Each structure stands twice: as C-alpha cells, then as structure tokens.
1. Please verify whether the range A:189-211 includes one or more residues that are open to solvent by less than 50 Å² (accessible area, probe 1.4 Å), closer than 20 Å to A:Ala58 by Cβ, within 16 Å of ligand 1 (Cβ to nearest atom) and small (Gly, Ala, Ser).
2. Restricting to the range B:187-239, and then to whatever is aromatic (Phe, Trp, Tyr) and over 30 Å from A:Ala71 (Cβ atoms), can you tell me which residue is least open to solvent (accessible area, probe 1.4 Å)?
3. Would you confirm, using the coordinates I've provided, whether A:Gln141 is closer than 22 Å to A:Leu43 by Cα, away from chain B (no Cβ under 14 Å), within 16 Å of ligand 2 (Cβ to nearest atom) and out of contact with any helix residue (DSSP H, G or I) (no Cβ under 7 Å at 6 or more places or on another chain)?
4. Is one or more of the residues making up the range A:62-79 within 14 Å of ligand 1 (Cβ to nearest atom), within 17 Å of the chain's Cα centre (by Cα), among the aliphatic types (A, V, I, L, M) and farther than 30 Å from A:Pro122 by Cβ?
5. Just wondering, is there one or more residues in the range B:2-22 that are under 16 Å from B:Phe78 (Cβ atoms) and in a helix (DSSP H, G or I)?
6. Quick one: in the range A:7-50, which of the residues that are among the polar types (S, T, N, Q) and within 12 Å of ligand 2 (Cβ to nearest atom) is nearest to A:Glu208 (Cα to Cα)?
7. Check B:Val162 against each of (1) within 25 Å of B:Leu76 (Cβ to Cβ); (2) open to solvent by less than 30 Å² (accessible area, probe 1.4 Å); (3) of a type in the set (A, V, I, L, M) and name the one condition it does not meet.
8. Of all residues in the range A:3-15, which are part of a strand (DSSP E or B) and open to solvent by 20 Å² or more (accessible area, probe 1.4 Å)?
Amino acid sequence: MLKVKGLNVAYGGVQALWDVSIEAGEGEIVALLGANGAGKTTLLNAITGVIPALSGEAEFEGRRIDGMKSAELTEWGIAYLPEGGRLFPDMTIRENLEMGAFPRRMWRERAKRLRDVYAMFPKLREREKQLARTMSGGEQQMLAMGRGMMSNPRLCLFDELSYGLAPIMVDEVFGIVRSLRERGITVLMVEQNAYQTLELADRAYVLENGRVTLGGTSAELLGDDYVRKSYLGL
Amino acid sequence: MLLTVLNVVVGGLIMGGIYALISMGLSMQYGVARILNVSHGEFIMLGAFFTWALHTAAGINPLLCVAICAPPIFLLGFALHRTIYKRLRDVTRVSGLFEGNAMLVSFGLMFVIKNIALMRWGSSPKGYSFMAYSVEFGGAVFSANRLLVLAFAVCVSAAFYVFLNRSRLGKAIRAASQDAQAAALFGIKINRVMAICFGIGALLAGIAGVLLSMIYQINTAMGMNYTIIAIIVVVLGGLGSIPGSLIGGFALGLIGSVVAYIEPSLQLVAYYVIIMALLLVRPKGILGR
Ligand SMILES: Nc1ncnc2c1ncn2[C@@H]1O[C@H](COP(=O)(O)OP(=O)(O)OP(=O)(O)O)[C@@H](O)[C@H]1O
Ligand SMILES: [Mg+2]
C-alpha cells in the first residue's frame, strides 16, 4: 500500500506541488492524469526522493520511502521508470536488464531474474545482444519495463509509458501493465492519454497546476462532466 | 623492403599500445567524470620515475614495478577526485561550467606534480637498461624490451576491456557514462564511480609510464607531449568512447611510425593534420555519435 501525504515541492522559489495526497492499494492500478507541466513527473520524483520535498511524506508498506537512496528503494521492492525510458543506449538488451538488478544482493540472482523477465518479454530474449539504441520506440519501452521488473518489484511507478508510441504499441504496453495487476503488483502510472488510461486503471487522480483537483474510480471519472470535457474531449 | 615495412609496423604498434593505454585512461576521466585532465601526462611521468627509482636504487625488476606502482597511483587519482573534483562538482551545478573549471584545476595540478618531480629528480634525462638484447622476429631484429612493452600494453588493454564489459563495476561505469542520472536511479553511486574512473585513468597512465621507462629515456617534463597525444586520440576516437580510444591509439601509433620513418620531425605535425582532417569529415570522431 502506497500512501502519499501532504507533499509540497518547490523548484527554487516556485512551488510545483501543493499539499498532494494520494493512495494506491495493493494490486491496484492508479493513474495520475494531468496536462503538460501539471507536476506529474515532479510528484513521482518526490515520492522516490529524487528531489526533496518541502514537507509531506510518502510511505510504502509502512516504511517511509521519500528519503531512501535508490538502491534501498529497489531493494524495498519499488521500481521507478522515468520519463522517456532512459535506457543505456550503448549497452545490449541483456546488459540493460542486468542494471535493473544492480544492488549487490540482487546482482547475485540476476540469472534467475533474467529468466523471469525473458518469460514475460520473449522478444527481448531473442535479441538480447542487440544494442538498446537500435531498437524501435515500442521495443525500447518494453525493455525499460523489463529492466524495472528485474528487481521483482511490488510497486511500479511509470512516467508516461505510452508517450510517442503508435496505438498498437500502446495496447501492448498497457496489456503488460494489466498483467502486473494480476501478479499483485501495485502500479502508479502517469499518463496524458486519458481515455485509454481510465479504461485500464482502477482509480485515478487529476493533477492541475500542482494540486490534486479530482480523484475517484475510473468509472466515476469517465462519467464526470468536467473530465469528459477537459480530458476526454467529449 | 618487406623488412622495413615490418619494422615500421611493429614500431607503430609499440607506440600505439602506449597511446591506447593513456588514451583509454583519459577517456575514462573525460567520459565518466567529465574532466579533461590536462595533468594526465604527469601520471605517466610519475609511473616512469617510480620505476626508474625503484630499479636503480633497489634493483627491483621493472615488470614488478607495474604491480608496485599501480595501487598508489590509482589511490592518488581516486583521492584527488574525492578531495578536489567532487567538491568542485558540488559547488558548480552547471555541467558546462564544471568541465571548464575542472580543466583549469587539472592545469594547476599539472604544474604542481611536475614541479614536485622537478625538485626531487631534476631536469636531466634518466634511463636504465632492461632486456636490451635483440631478438629476431620474421627476419627483422627488435630489442626484446620493446616487444615486451607491446605485449604488456596489449594485455593490459585487453584486461581493461574485459573488465568494462564483464564485471559489475565495469558495467556500472559504462552505464554511468551513458546516462548518469538513470544509473543513479538503479543504485549506482555516481560519485564513487567517478572517483574510481579518475583513479583508473591515473592507473592506466601510470602503467604506460612504467612501460615507457623500459624503452626510452625519461625526464620530468615528458608528460605534456603524452597529454597532447592522448587528447588527440580521445578526440579522434570519439569523446568518451573506450573502443574508439583503443582503435585510435593504435591507428595514431602506426601513422606516427610511418611518418617518423619518412621524416621524424613531422610526427606531431602529422597528428594535428590528421585530427583536423578527421574533424572536418567526422566532427564526432571515428566512433562518436
Ligand atoms: N528542474 C526543474 N527546475 C525548475 N522547474 C521545474 C523543474 N522541473 C519541473 N519544473 C517545473 O515544475 C512544473 C511541473 O513540471 P513536471 O515536469 O512535473 O510536469 P509534468 O506534469 O510531468 O509535465 P509533462 O507532461 O510535460 O511531463 C512545471 O511548471 C515545470 O516547469
Ligand atoms: Mg512529466
């Protein structure tokens, strides 16, 4: 269970998040919708402690995570996929995956982890020697997800998985997210593609100018007049 | 004719091996730690003088000096990064500014190291003779120490390459050089990796210095020339590309050998002509992107 309480974040003197509180239950897919610059990436960065918060906290399964080091976060079962995949372009698919299990204790078990991830993403195994930068955008996103799975996480934070993908690839990527839910993994996903995301997610929050302005089940949001007008273009 | 070619080629490979070592070292320091280390050649000089001192004063086998000199030179590089460059990076957030400042610091470091060496060892050339007998190889005659240097340079380069590609630390170094922020997300300690890379750079320079002392006279002002050559090779091979430095090092050694055979005084001129021509055709170097 992920609990974020009263996060305030500022860049220099400019506040980017105002008193943001959200939750995600075990095995739940929770979406975070919002326009460009709403503060979605900032929120994920604050949750994972990549940037410090002025106040507020984030905890996962009872432990405070916003101040954790990256290795601790990985070991505590949290995988963060930043915006744009951020693969290591001149490393092979296999090497990129291995980096997902970098903390020492996981490194020893990386062969086993690799087998599990290859079972989830058979295409990656076929091409394990290929350099990441020579893959298509969709394949790169698969690799980024596979790399996140290498640490066998219980919580996944995804920043715009569908960005720049063709519709058919979005379906494939979202299909994988759905399969994570079946494994009991909690997902917090940032998206701009509101309609498809709401069809996938259990619940969603709307972030506007750094504030959570709406929250509810996906069905509620799909039926909400304001959401329909502003985010679904209906 | 054939013998001449063999001579020139082997001579070029020997030089190339040294160039490859020092360039891979500089490439580590620039590619990961973002420091264009102008004092790089001084670590070559240190390696050479340590070996000379150990050999002439204590009779220690120069080959053993590789093992003796490696740890302290690595630690010196590591400590320099920890004490100076890391602090510099913490206070200069903008990366372009850091690169400029780091280069200025390394200029200072160059003078400090060089002058300490000058105080200790003076400016006259030094040398010793080690395995100076000749061996025949395919009809051509080479001195044994030069072949040994070549073999050693190739082995160290290969070992380094395997380390980067196979070990956990090596992979962390490559990941950090490709995307430091993303690497940090996976638990790679960027500051430590940078200090290690700076140390490895110093280490490779130091080993090159040990090897150089076996075949050439050395002096306390020898560093600068090698720094320039390393910079040329690193630019030639593509900034920060280790395979590029390896290939570029051997290529430049071979070209230098051919030019030196025709007209020795043109060697450095030739290097500059090559780099200017190459940058016009491929602004990012042989393997750069
Ligand atoms: N490093 C930074 N320094 C200063 N301001 C920043 C920084 N990063 C983000 N901001 C500002 O904070 C606000 C929120 O940015 P953020 O990247 O979180 O938005 P986002 O919702 O992820 O947008 P997008 O959909 O474009 O990715 C924006 O106004 C942005 O300009
Ligand atoms: Mg964003």
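The values are calculated or read from the model by the stated rules, or taken from the named source; none is laboratory data. Quick caveat, the model's predicted, so the values are computed rather than measured. A quick note on method: Cβ atoms are made from the backbone with ideal geometry, for glycine too, and the neighbour counts reach across all protein chains shown. Protein only, heavy atoms only, side chains kept; ligands, DNA and RNA dropped before computing areas. Shrake-Rupley method; radii C 1.70, N 1.55, O 1.52, S 1.80 Å.
1. Looking through the range A:189-211, at least one residue is open to solvent by less than 50 Å² (accessible area, probe 1.4 Å), closer than 20 Å to A:Ala58 by Cβ, within 16 Å of ligand 1 (Cβ to nearest atom) and small (Gly, Ala, Ser).
2. Among those residues, the one meeting the criterion is B:Tyr226.
3. No.
4. Scanning the range A:62-79, I find no residue that is within 14 Å of ligand 1 (Cβ to nearest atom), within 17 Å of the chain's Cα centre (by Cα), among the aliphatic types (A, V, I, L, M) and farther than 30 Å from A:Pro122 by Cβ, so the answer is no.
5. Checked against the condition, which is being under 16 Å from B:Phe78 (Cβ atoms) and in a helix (DSSP H, G or I), the range B:2-22 yields no hits at all.
6. A:Asn36
7. (2)
8. Across the range A:3-15, the qualifying residues are A:Lys3, A:Lys5, A:Asn8, A:Ala10, A:Tyr11, A:Val14, A:Gln15.
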